[in-house]
Amino acid sequence: MQTKVKKIISAVLLISMLTVMFSSCSVDKILNKNVEQPVAVKVKTDLKDAVFTFTYGELKGVLPQDKLGALFEEYDKLEDDITIDMTYNDLSNNFEEGSDLFNSVMALLSEKEKAQLTNNAEDVLNYFVEKINGAKEDKPIVEYNESFWTDSDSIEFTQNGKPSDEKIKTAAKYFDYFVTKGVGDYLSNGDNGKTGVTEEGTDLTDIMYLYGESKACKLTMDNVVSVFSSVNYDTVKNSDDEDVPTAATRIVKIVLKDDEASVKNAFSLRGKEDILKEMKKGSDYFTVDDYNVGFNTCTIVATFNAVTDNILTVRYEKNMKISTVVNGAGSLEYLGSQDLSFNCTDCVEYHFGWEAEAK
């Protein structure tokens, strides 16, 4: 009797083993069935962000080997029909928007595909305006910082409409130093309210753009050149070796028109008095009585937790071209009166701390 029972048990075990071996489930999957699996997330607001699919065959025709290697593992062993998905953010990060390489990759897309980048522009802009205004109203923790720099290579002195001679390079170094250090130190000085960290519930009227107003942004489609949105996912493998999205970050990039009316709807413009005061610190070498400002591709880049729609960061870059007349003084008096122009950037960054994000 015992022998018969043993034979029955052995037969059952054998059948069970064969069932496992020939079923679609592996032993690993059975062993891991009680292991906690990653929970998939979804974006809270679907802005119909563009996602482009490229084949390896297409990309190898336009990309150098180092770029292919960054996108594909063992790229030299791949079949031409292997595909990769890229968002606008992926494209701009990998190929630098506006470069020949970026344009070559974009040329692989049809006009219908390219239209996906702009079809949702108004919805994306409204989303940004709503969220940044909501942050100013809801008063989360805010870490903020303002910085300033000049483009040394753009400093150009002219006299009577002609480029000035080599001796002006000395003046350019002095001017670059005093403008960058003077204005930069002024803007980043916590006493001026442009660098610091708030507590939750702090009034942000004078901390966030637009300074002195309840609104942070008044942009409309009439004020912008372009608005792009992308969503990047963090993924974890589940027991079936599938990628499960566990976090989603939305990146929004806005490029403004260069007119002052458009810029003033998103950026607070500084009065000339503060800047001229700092420039006068270099009066031993030059004097400046006034200057004109032109705007050049001012941008806003914001990130969001796309699962909760909370805004996480926003970076404002106000790119300007300054034109002025400089009069040599002291050891540089020999320069006389010079027309001067240079490019500079005023950058403001905000990092938001939401209580819900910390849970």
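Residues that are under 28 Å from Ser164 (Cα atoms) and not charged (D, E, K, R) are absent from region 306-318.
All told, Val124 falls short of being crowded, with 16+ Cβ neighbours inside 10 Å, modelled with pLDDT under 90 and closer than 23 Å to Ala302 by Cβ.
Within region 96-107, identify whether any single residue is in contact (Cβ under 8 Å) with a residue 60 or more places away in the chain and not in a helix (DSSP H, G or I), and answer yes or no. Checking region 96-107: not a single residue is in contact (Cβ under 8 Å) with a residue 60 or more places away in the chain and not in a helix (DSSP H, G or I).
For region 72-93, filtered to residues that are crowded, with 16+ Cβ neighbours inside 10 Å and at pLDDT 90 or above, the residue that is nearest to the chain's Cα centre (by Cα) is Asn89. Selection of first residues in region 205-224 that are assigned to a strand (DSSP E or B) and of second residues that are not β-branched (Val, Ile, Thr), restricted to Cβ pairs under 6 Å at least 6 apart or on distinct chains, gives the following pairs, ordered by first then second residue: Val224/Leu256. Would region 55-66 turn up any residue that is closer than 23 Å to Val307 by Cα and surrounded by fewer than 16 Cβ atoms within 10 Å (Cβ to Cβ)? No, that holds for no residue. When Glu273, Glu242, Glu278 are screened for being at pLDDT below 85 and within 25 Å of Ala50 (Cα to Cα), only Glu242 passes. Any residue that is surrounded by 10 or more Cβ atoms within 10 Å (Cβ to Cβ), acidic (Asp, Glu), outside any loop (DSSP other than H, G, I, E, B) and modelled with pLDDT under 90 - is there at least one of those in region 11-30? The answer is yes; a qualifying residue exists. Kindly establish whether Glu113 is acidic (Asp, Glu) and in contact with a strand residue (DSSP E or B) (Cβ under 9 Å, 6 or more places away or on another chain). Answer is yes for this residue. Being among the polar types (S, T, N, Q), out of contact with any strand residue (DSSP E or B) (no Cβ under 7 Å at 6 or more places or on another chain), modelled with pLDDT of 80 or more and in the same structural domain as Gly294 (by TED's automatic domain parsing) is not true of Ser229. Condition test on Val62, is it more than 24 Å from Lys237 (Cα to Cα), part of a loop (DSSP other than H, G, I, E, B) and at pLDDT 90 or above? Yes, satisfied.
Summed over region 208-227, residues that are over 22 Å from Val252 (Cα atoms) and not hydroxyl-bearing (Ser, Thr, Tyr) total 2. When we screen Asp284, Asp346, Asp258 for residues that are in contact (Cβ under 8 Å) with a residue 24 or more places away in the chain, of a type in the set (Asp, Glu), in contact with a Phe, Trp or Tyr (Cβ under 7 Å, 6 or more places away or on another chain) and not in a strand (DSSP E or B), the only hit is Asp258.
Within region 136-170, take every residue that is of a type in the set (A, V, I, L, M) and modelled with pLDDT of 95 or more and give me the one that is nearest to Asn327 (Cα to Cα). So the residue we want is Val142.
Can you name the residue in region 112-141 that is free of Cβ contacts under 8 Å to residues at least 12 places away in the same chain and outside the structural domain of Glu213 (by TED's automatic domain parsing) and is also farthest from Ser230 (Cα to Cα) among such residues? Step by step, filter region 112-141, then rank; the result is Lys112.
The values are calculated or read from the model by the stated rules, or taken from the named source; none is laboratory data. Since we're looking at a predicted model, the values are computed, not measured. Please note: Cβ atoms are built from the backbone with ideal geometry, for glycine as well, and neighbour counts cover all protein chains shown.
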